[in-house]
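Visitor: I'd like to ask some things about the structure below.
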Amino acid sequence: MATTIDWKEVTKSNKGVRTNDQQTCGNVMAEDGDNIIVSEGLINRHEFLVPKSKVDYYDGSEVHLNLPYDILSAVCEIKSK
């Protein structure tokens, strides 16, 4: 699927994100170069810096990643200081 994603619209609308094991993992909050920043949770907040290369497709309502949640949290989570 070689569709170009309008990241400005995706971030403006805070679209949801889902991993390839069908777990919701937050919303797209910002674009940072070749990455997107995904934020999950209100109280126990997690933020992920996800390379755009890990995006499988965008269906108009959710961004679908081509990695499972456990890899996302192990590799892409932004650690609090």
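The values are calculated or read from the model by the stated rules, or taken from the named source; none is laboratory data. Fair warning: this is a prediction, and the values are worked out from it, not measured in the lab. Backbone-built Cβ (ideal geometry, glycine too); neighbour counts: all protein chains shown. Ligands, DNA and RNA are excluded from the accessible area calculation, which covers all protein heavy atoms including side chains. Shrake-Rupley method; radii C 1.70, N 1.55, O 1.52, S 1.80 Å.
Visitor: Could you list, in sequence order, the residues of the range 1-32 that are of a type in the set (D, E, K, R) and not in a helix (DSSP H, G or I)?
Guide: Kept after step one, since they are of a type in the set (D, E, K, R), are these residues of the range 1-32: 6, 8-9, 12, 15, 18, 21, 31-32.
Result: ASP6, LYS15, ARG18, ASP21, GLU31, ASP32.
Visitor: Please go through the range 34-55 and give me each residue that is in contact with a helix residue (DSSP H, G or I) (Cβ under 9 Å, 6 or more places away or on another chain) and either in contact (Cβ under 8 Å) with a residue 60 or more places away in the chain or not in a strand (DSSP E or B) (or both), ordered by number.
Guide: Those that are in contact with a helix residue (DSSP H, G or I) (Cβ under 9 Å, 6 or more places away or on another chain) and either in contact (Cβ under 8 Å) with a residue 60 or more places away in the chain or not in a strand (DSSP E or B) (or both): ASP34, LYS52, LYS54.
Visitor: For the range 43-57, state whether one or more residues are of a type in the set (A, V, I, L, M, F, W, C) and modelled with pLDDT under 95. Step through it out loud before you land on a result.
Guide: The first filter runs over the range 43-57 and keeps only residues of a type in the set (A, V, I, L, M, F, W, C), leaving 43, 48-50, 55.
Going one step further and asking which of them are modelled with pLDDT under 95, we end up with 43.
Among the residues of the range 43-57, at least one is of a type in the set (A, V, I, L, M, F, W, C) and modelled with pLDDT under 95, which makes the answer yes.
Visitor: Give the residue that is least open to solvent (accessible area, probe 1.4 Å), with candidates limited to residues of the range 61-70 that are out of contact with any helix residue (DSSP H, G or I) (no Cβ under 7 Å at 6 or more places or on another chain) and either within 12 Å of GLN23 (Cα to Cα) or assigned to a strand (DSSP E or B) (or both).
Guide: For the range 61-70, the residue satisfying everything is HIS64.
Visitor: For the range 15-25, which residues satisfy the criterion of being open to solvent by less than 80 Å² (accessible area, probe 1.4 Å), out of contact with any Gly (no Cβ under 7 Å at 6 or more places or on another chain) and within 19 Å of GLU77 (Cβ to Cβ)?
Guide: GLY16, ARG18, THR19, ASP21, CYS25
Visitor: Could you list, in sequence order, all residues of the range 36-49 that are open to solvent by less than 50 Å² (accessible area, probe 1.4 Å) and under 9 Å from the mean Cα position of the chain (by Cα)? Explain how you work it out, then say what you get.
Guide: If we filter the range 36-49 for residues that are open to solvent by less than 50 Å² (accessible area, probe 1.4 Å), which is where we start, we get 36-41, 48.
ILE36, ILE37, VAL38, SER39, PHE48, listed by residue number.
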